[in-house]
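Comments concern the structure below.
No lab work stands behind these numbers, since they all come straight from the coordinates. These figures come from a predicted structure and were not determined experimentally. Note: ideal-geometry Cβ built from the backbone for every residue, glycine included; neighbour counts use all protein chains shown.
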Amino acid sequence: MLWGAAYGFSIMLSYYILRAVRDEIAADDRDNLQIIWTVVFFVMVFVAVPAYSWIASKYSRGVFVPMANRFFIVCLIGFWASLLLLPVEARG
């Protein structure tokens, strides 16, 4: 139970950290914000969710859940590494 609670906490923590970064980026470009959110909506509805559903239907839960978790862990590490490698001028 403690591992599950720590895991859930880690997922929510990483989401809230990335959400703040996303909102800060969006605040810098208010002119295109409506277009950006509309494009994100349509990409999620017509590309990402169907692709995720199709992939999830091809694997058993015991295979897919660890695979999806590892994918998101790699993405978070990639975001972290890219932030470290940004030039000082780009960090704001």
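Look at where the Cα atoms of the stretch 22-38 and of the stretch 50-86 average out, and the two centres are 25 Å apart.
Between Ala81, Ala68, Ala26, the GNM of the chain built on Cα springs shorter than 10 angstrom shows Ala81 fluctuating the most.
Which shape class applies to the chain: rounded if a/c is under 1.5, otherwise prolate when a/b exceeds b/c and oblate if not, where a ≥ b ≥ c are the square roots of the Cα gyration tensor eigenvalues? Since a/c reaches 1.5 but b/c is at least a/b, the shape of the chain is classed as oblate.
Membrane-span-like helices of the chain, defined as complete DSSP H segments with a Cα extent of 27 Å or more along the helix axis and a mean Kyte hydropathy of at least 1.6, are absent. If only the Cβ of Lys and Arg carry +1 and only the Cβ of Asp and Glu carry -1, the dipole of the chain around its Cα centre is close to 520 debye.
Only counting other Cβ atoms within 10 Å, I'd like Ser10, Ser57 sorted with the fewest neighbours first. The partial results should precede the final answer.
Numbers: Ser10 12, Ser57 8.
Ascending number of Cβ neighbours within 10 Å: Ser57, Ser10.
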